[in-house]
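Chemist: Quick one: the structure is below, questions incoming.
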Amino acid sequence: MTPSPENGSGGTAWYDDAAGPVVRPYALTGGRTHYDGDTFDLVALIVTVDAAEPEDEGRPPGTTAPPWVPEPEHEMILELCRTSLSVVEIASELELPLGVVRVLLGDLLDHSLIQVRRPAPVAQFPSERVLKEVIDGIRAL
């Protein structure tokens with residue numbers, strides 16, 4: 001990457017020769033590198049839910065928190081997830097690093113804008129003895 005002048009204004013912007021202007025991942029996540037809640041499995045399915053009313057629990061009466069305004073990347077995720085997509089598919093569609101997508105998904109989950117469907121646990125595989133017996137049975141046919 002090399003610094004390049006920006007439209008003759010004397011300022012500089014960082015450009016990747018092949019990709020054009022580059023936005024660093026930490027700029028999209030506000031400097032956060034991971035989500036503090038449960039980790040998002042790569043194959044967990046994410047689906048957008050209807051926005052809920054803001055919660056005012058734990059605040060003194062008469063005070064409200066400023067409304068949370070999603071960033072454009074949050075909006076893109078919400079649009080993509082109208083039909084369920086896996087975490088890795090979201091990262092691929094948005095062309096963003098997986099860590100960034102996990103942080104953004106955490107923001108959306110904290111505001112109850114998405115639902116996460118965890119993958120079913122992997123069933124225990126049969127033992128080697130059982131597999132050999134099945135193969136022997138098939139050969140006997």
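Just so it is clear, none of the values below were taken in a lab; they were calculated from the coordinates. It should be emphasised that the depicted structure is a prediction, and the values quoted were computed from it without experimental measurement. Glycine also receives a Cβ, built like all others from the backbone with ideal geometry; neighbour counts cover every protein chain displayed.
Chemist: At what distance in nm do the modelled label points of Ala120 and Thr64 sit from each other, each positioned 7 Å from its Cα along Cα→Cβ?
Modeler: It is 4.4 nm.
Chemist: Over the Cα atoms, compute the radius of gyration (one decimal) and Dmax (the largest Cα-Cα distance, rounded to a whole number) for the range 74-141, in Å.
Modeler: My reading of the Cα-based Rg and Dmax gives 20.3, 59 Å.
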